[in-house]
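In what follows, a single structure is set out as structure tokens and then discussed.
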Amino acid sequence: MSVSHAEKISLTVNGQEHALEVDHRWTLLRTLRDELGLTGAKRGCDRGECGACTVLLDGVPIYACQMLALQVGSRKVLTIEGLGDASKLHPVQQAFLDYDGGQCGYCTPGFVMSTKALLDRTPDPDEDTIRRALSGNICRCNAYGRIMESVKAAARGRAKDGR
Amino acid sequence: MTDQVVGRSVPRIDLPEKLTGEARYTSDLKLPGMLHGKVLRSPYPHARIVAIETAGAERLAGVHALVTPFDAPEGKVAPDMGILNDEVRFVGDEVAAVAADDEDVAQEAIGLIEVRYDPLPFVTDPEEALRPTAPAVHPGGNLVGGRPLSLERGSIDEGFSEADRIFEDTFTTPAHSGGALEPRAAIASWDAGRLTVWKSSRGVHQDKHMMASALGLESDTVRVIGPHMGAGFGNKDETRLAILAAILAQRAGRPVKIELTREEELIAGRTRHATRTTIRVGVKDEGSITAIHASTIMDTGAYMSSGPGVLRRAGQGALYLYRCPHVRYDGQLVYTNRPSAGSYRALGAPQGHFALEALMDRIAQDLGMDPLDFRLKNHVGPEGQPGQRTTPPDEIIDTQPVEGGVPFSSNGLRECLTRGAEAIGWRERRRPSGESKGPKVTGLGMSMIIYRGGPGGRTAAKARLTAEGGVEVVSGIIDVGEGAATVLAQMAADEMGVSYDSVKMTLADTALTLPAHITAGSMTTFSSGMAVKAASAQLKAVVLDAASGILDAGVDDLALQEGSVVVGSDPQRRITLAELARSAGGKTLEAEASVLPGSTKSIINSFGAHFAEVEVDLGTGQVRIVRFVAAHDSGRIINPALATNQVEGGVSQMLGFTLTEEMITDGRSGFTLNGSYLEHKGPTFMDYPDIQVIFADVVDPEGPFGAKALGEPPSVGVAPAVINAIHNATGLRINDLPVTPDRILNAIQMSETG
């Protein structure tokens, strides 16, 4: 027998409030992708190993596959779609473009979100801090070298702009 | 003049949409009415399926279609793999599939299918599998093709008889998974007998033919579309996934999507082949090589997939990397009841180079030669191998030749050796093996690389002028994440004389594109590069011809400059490409070209030399990569930033193969034990070392804009460079990958107990 239970929730994603009815088993990732059509967060493992589903919850990077939609509550979710669009890239996205910080792109939204969270709390990170902050995101293309350069560039740009 | 972009690090053409989350991968797509499929997989390494009871699953609300071996169509996905078989051959092999309203219902339905298996004897070790009494994984025995592959140049008997000393050792490499971050996914949809499939694909045209043939359809009723792909590494596909989605969609009368889970992707995707290679080398006391004989036993698991090609490629290093008149390669591809191996970045080359380059290093040391000097003395030069050409004069030379007597189109191996050695400080910093002292010892090691240079089969491409005055390149290849779309756009821009920004790429849709090679074998830059270059050149001729009439000037007097055709003798007379596109009166200005890449005169190969500096903790057995230098001859580099990314990524990926990654299949149960990223331990950001990339200053005379293959060579030399550095640091001879801490500690213990 299928045991499912639906509940009405309010979910704030990228500044917009959504009234949703969610199955109690649905993760935040599944809810974002299937219910809201926000497919930027990827399902690389669905078990908290790869970081491709990283989103920010009140500014803190989390694996969206490791939280139920019901657990989010009033906290604000930021996904890659809320960061910038092709006509106006967020400075972190621009740095990744300028320094080729990705290959196939499947891990890229997760890396960008983790980087944003890092730079918001540590504007001038050293290499070791960057490695640790991004160690929960796997890139199987192993573009880590270019991602490192991208993050450093994003940090430099931030220092210059005084943001 | 429009600025040239070939040779410049222009931004990756599809990165903006990947950075904003707009890029759509197969799993991101949703069709109206789409159902979700799940696959039931075998819990036995080898069994006959006696009966399947599906009534329980069918009764479950929300289930719309099933397929089992007893009602599946007759066709074949591959010569040794039916759509579904009543004999399963590894733990994880496909048994049945279900389509339901959502994944949860589909998963529940899978649990309600009752299967009666008759377990059969099984074998998980390839050497055991070769014994006459071994259980047969497939009818006809476990040696694929029924006989070994044997290739010889000269006579090794003669070569070994000329040797002063003969060295021999045996090396093993494990199965491991590419583990692309995007698990395989496929969506199938039928409309009036026509099938459209969106899937993770390394080649949409190949997949179209595979699907049509398996399902007994006319080829032109199948359309395969490759959305963005979350990395390929030459893998994706060779599985049943899309076929199962198509059958379920047909039965349900609705589109069906199947996405593999991470565990399914690692186990039931396609892994790199495990190998056992014995290599024997004869040398003169002064250090020249008289004979090389490599013998490889390769485990292809439950299905052959691309195994024969992988087996062949494992031998190329032994046959061709060192100048030697007498060489031989014997390869055996063996079925076992393990997860199926398949195509994965550089096929067998990393395995073959590991054995070859590890032994050569030890030979050099035993002869009292510096391993760099030994290689400088013996590496194959621009003139190629000694011997007689056997390919007829008007035929294209294979990129994996056995014959001698044929020069290379270009060969920058020596430059890779000297510049790489200089960058790592080989001459100044390398000490004799085993001299480093302390709880943590350091050492330097190196390896050489030879690899196919990029010619594939016949390849076509189209180019057309868009209404906005840009160029649209239409090609049947897919960008698997490595950057092919960018590199081809750069070539089209320069060949046409238009700006990079004005080039639009239309790829990977069998309904829109001409047939092309698969994106594997490092073929795309070279082969599709030639096709795109030729199509762009022809489009330029078409455009100038059209402009000639409008501007009333001879074609010879016209030039393409910054988006306009300009009359050379009177630059005031000009027409923009956008105006020209509109003035064609509804007719699109376009051109297509079909090329047969390759050379009848020379071998087109890429080369490289890798240098590793390691630190080994003798207390814990941990190996740390201190520094890595990768020097590559891939001809002219079309986009230095992308190429650097590709080399760094290939090196880091294969540090996983060298130090940590292995798909472990338990010999007693046939279960694969580590189907997760946590346990199939690939490199994370914490593991990424200092990697320096060097490109040799080579312009290949045959390649488009002078380019040669780049994608796979970086993965070929990593393991031997590291194993040689470990030997230099510790004096230990470790012959088995991955070099885990316990292997180091065991080797230390063995050396102490003598």
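Which residue, of B:Gly453, B:Gly445, is closer than 30 Å to B:Val623 by Cα and either surrounded by fewer than 24 Cβ atoms within 10 Å (Cβ to Cβ) or more than 14 Å from chain A (Cβ to nearest Cβ) (or both)? I'd like the intermediate steps shown before the answer.
Numbers: B:Gly453 fails: closer than 30 Å to B:Val623 by Cα.
Matching residue, one of B:Gly453, B:Gly445: B:Gly445.
Pairs meeting the criteria (first residue in the stretch B:493-517 and closer than 19 Å to B:Pro11 by Cβ, second residue assigned to a helix (DSSP H, G or I) and among the aromatic types (Phe, Trp, Tyr), beta carbons under 6 Å, at least 6 apart or on different chains) are B:Ala493/B:Tyr500. For the stretch A:71-85, the criterion of being within 8 Å of chain B (Cβ to nearest Cβ), closer than 19 Å to A:Asp120 by Cα and of a type in the set (Gly, Ala, Ser) is met by at least one residue.
Kindly evaluate B:Arg272 against the criterion of being within 20 Å of the chain's Cα centre (by Cα), farther than 15 Å from B:Asp169 by Cα, surrounded by fewer than 24 Cβ atoms within 10 Å (Cβ to Cβ) and touching a residue at least 60 places away in the same chain (Cβ under 8 Å).
Numbers: within 20 Å of the chain's Cα centre (by Cα): yes; farther than 15 Å from B:Asp169 by Cα: yes; surrounded by fewer than 24 Cβ atoms within 10 Å (Cβ to Cβ): no; touching a residue at least 60 places away in the same chain (Cβ under 8 Å): yes.
The answer is no for B:Arg272.
Only one of the listed residues (A:Ser150, A:Ser114, A:Ser74, A:Ser135) is more than 30 Å from B:Gly711 (Cα to Cα) and hydroxyl-bearing (Ser, Thr, Tyr). That residue is A:Ser74.
In the stretch B:88-98, is there at least one residue being surrounded by fewer than 22 Cβ atoms within 10 Å (Cβ to Cβ) and in contact with a strand residue (DSSP E or B) (Cβ under 6 Å, 6 or more places away or on another chain)? Break it down into steps so the answer makes sense when it comes.
Restricting attention to the stretch B:88-98, the residues satisfying the condition of being surrounded by fewer than 22 Cβ atoms within 10 Å (Cβ to Cβ) are none.
No, that holds for no residue.
Return the residue satisfying two criteria in turn: it lies in the stretch B:648-689 and is acidic (Asp, Glu) and within 17 Å of A:Asn137 (Cα to Cα), and of such residues it is surrounded by the fewest Cβ atoms within 10 Å (Cβ to Cβ). Lay out the reasoning, then the answer.
Initial filter on the stretch B:648-689 (acidic (Asp, Glu)): B:648, B:661-662, B:666, B:679, B:687.
If we keep only those that are within 17 Å of A:Asn137 (Cα to Cα) too, we end up with B:679, B:687.
Working: B:Glu679: 13, B:Asp687: 19.
Checked the stretch B:648-689; the qualifying residue surrounded by the fewest Cβ atoms within 10 Å (Cβ to Cβ) is B:Glu679.
Looking only at the stretch B:61-74, decide whether some residue is within 14 Å of chain A (Cβ to nearest Cβ) and assigned to a loop (DSSP other than H, G, I, E, B). Yes, because at least one residue in the stretch B:61-74 is within 14 Å of chain A (Cβ to nearest Cβ) and assigned to a loop (DSSP other than H, G, I, E, B).
Each row is one residue, and each column tells you yes or no for (1) more than 11 Å from every other protein chain (Cβ to nearest Cβ); (2) not hydrophobic (A, V, I, L, M, F, W, C).
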site	(1), (2)
A:Thr31	yes, yes
A:Leu38	no, no
A:Leu56	yes, no
A:Ala69	yes, no
A:Cys104	no, no
A:Asp120	yes, yes
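One residue stands out in the stretch B:153-176 among those that are crowded, with 16+ Cβ neighbours inside 10 Å and assigned to a strand (DSSP E or B): the one that is farthest from the other protein chains (Cβ to nearest Cβ), namely B:Arg153.
Only residues that are assigned to a loop (DSSP other than H, G, I, E, B) and either in contact with a helix residue (DSSP H, G or I) (Cβ under 8 Å, 6 or more places away or on another chain) or under 17 Å from A:Thr115 (Cβ atoms) (or both) were counted across the stretch A:21-44, and they come to 10.
Scan the stretch B:191-208 and give yes if some residue there is more than 28 Å from B:Ser522 (Cβ to Cβ) and in contact with a Gly (Cβ under 6 Å, 6 or more places away or on another chain), otherwise no. Looking for residues that are more than 28 Å from B:Ser522 (Cβ to Cβ) and in contact with a Gly (Cβ under 6 Å, 6 or more places away or on another chain), one finds none in the stretch B:191-208, hence no.
If you go through the stretch B:241-254 and keep only what is surrounded by fewer than 24 Cβ atoms within 10 Å (Cβ to Cβ) and touching a strand residue (DSSP E or B) at 6+ places or on another chain (Cβ under 7 Å), you end up with B:Gln250, B:Arg251, B:Ala252, B:Arg254.
What are the residues in the stretch B:11-35 that are more than 10 Å from chain A (Cβ to nearest Cβ) and buried (at least 16 other Cβ atoms within 10 Å of the Cβ), if any? First the steps, then the outcome.
To start, the set of residues in the stretch B:11-35 that are more than 10 Å from chain A (Cβ to nearest Cβ) comprises B:13, B:26, B:31-35.
B:Ile13, B:Thr26, B:Leu31, B:Met34, B:Leu35 - these are the residues of the stretch B:11-35 that are more than 10 Å from chain A (Cβ to nearest Cβ) and buried (at least 16 other Cβ atoms within 10 Å of the Cβ).
Does the stretch B:281-292 contain any residue that is outside any helix (DSSP H, G or I), closer than 25 Å to B:Thr665 by Cβ and polar (S, T, N, Q)?
Keep residues of the stretch B:281-292 that are outside any helix (DSSP H, G or I), which gives B:281-292.
Add one more test, that the residue is closer than 25 Å to B:Thr665 by Cβ, and what stays is none.
No: the stretch B:281-292 contains no residue that is outside any helix (DSSP H, G or I), closer than 25 Å to B:Thr665 by Cβ and polar (S, T, N, Q).
If the condition is being more than 8 Å from chain B (Cβ to nearest Cβ) and of a type in the set (Gly, Ala, Ser), then the stretch A:137-163 contributes A:Ser150, A:Ala153, A:Ala154, A:Ala155, A:Gly157, A:Ala159, A:Gly162. Of all residues in the stretch B:177-201, those being within 12 Å of chain A (Cβ to nearest Cβ) and either surrounded by fewer than 24 Cβ atoms within 10 Å (Cβ to Cβ) or part of a loop (DSSP other than H, G, I, E, B) (or both) number 7. Can you spot a residue in the stretch B:393-410 that is more than 25 Å from B:Leu710 (Cα to Cα) and in contact with a Gly (Cβ under 7 Å, 6 or more places away or on another chain)? Yes, there is a match, as at least one residue in the stretch B:393-410 is more than 25 Å from B:Leu710 (Cα to Cα) and in contact with a Gly (Cβ under 7 Å, 6 or more places away or on another chain).
In contact with a Ser or Thr (Cβ under 8 Å, 6 or more places away or on another chain), modelled with pLDDT of 95 or more, within 8 Å of chain B (Cβ to nearest Cβ) and not in a loop (DSSP other than H, G, I, E, B): does that describe A:Arg47?
Values: in contact with a Ser or Thr (Cβ under 8 Å, 6 or more places away or on another chain): yes; modelled with pLDDT of 95 or more: yes; within 8 Å of chain B (Cβ to nearest Cβ): yes; not in a loop (DSSP other than H, G, I, E, B): no.
Criteria not met by A:Arg47.
With a cut-off of at least 1 residues that are closer than 20 Å to B:Glu17 by Cβ and of a type in the set (A, V, I, L, M), name the helices (runs of 4 or more DSSP H) lying wholly within the stretch A:63-163. First the steps, then the outcome.
On the way: elements: A:69-72, A:91-98, A:108-121, A:127-134, A:144-161.
It comes to A:91-98, A:108-121, A:144-161.
Do we have A:Gly110 as within 12 Å of chain B (Cβ to nearest Cβ), under 19 Å from A:Leu32 (Cα atoms) and surrounded by 23 or more Cβ atoms within 10 Å (Cβ to Cβ) here? Yes. Scan the stretch A:137-163 and report the pairs whose first residue is free of Cβ contacts under 8 Å to residues at least 24 places away in the same chain and whose second residue is in a helix (DSSP H, G or I) and among the hydroxyl-bearing types (Ser, Thr, Tyr), with Cβ atoms within less than 9 Å and a gap of 6+ or a chain change. Close Cβ pairs satisfying both conditions: A:Asn142/B:Ser652; A:Tyr144/B:Ser652; A:Gly145/B:Thr644; A:Gly145/B:Ser652. Of all the numbered requirements in (1) small (Gly, Ala, Ser); (2) at positive phi; (3) at pLDDT 95 or above, B:Ala489 misses one, and that requirement is (2).
Among the residues of the stretch A:88-97, those that are without any contact (Cβ under 8 Å) to a residue 60 or more places away in the chain and more than 7 Å from every other protein chain (Cβ to nearest Cβ) comprise A:Lys88, A:His90.
The residue of the stretch B:697-754 that is surrounded by the most Cβ atoms within 10 Å (Cβ to Cβ), among those that are at pLDDT 95 or above and among the basic types (Lys, Arg), is B:Lys708.
Among A:Val22, A:Val13, which is away from chain B (no Cβ under 12 Å) and farther than 24 Å from B:Leu19 by Cβ?
Values: A:Val13 fails: farther than 24 Å from B:Leu19 by Cβ.
Testing whether each residue is away from chain B (no Cβ under 12 Å) and farther than 24 Å from B:Leu19 by Cβ leaves just A:Val22.
Within the stretch B:674-699, if we keep just the residues that are over 22 Å from the mean Cα position of the chain (by Cα), charged (D, E, K, R) and assigned to a loop (DSSP other than H, G, I, E, B), the residue that is nearest to B:Pro738 (Cα to Cα) turns out to be B:Glu679. Across the stretch B:206-219, a minimum of one residue is classified as assigned to a loop (DSSP other than H, G, I, E, B) and of a type in the set (A, V, I, L, M).
The values are calculated or read from the model by the stated rules, or taken from the named source; none is laboratory data. Quantities reported herein were computed from a predicted structural model and do not represent experimental measurements. Please note: Cβ atoms are built from the backbone with ideal geometry, for glycine as well, and neighbour counts cover all protein chains shown.
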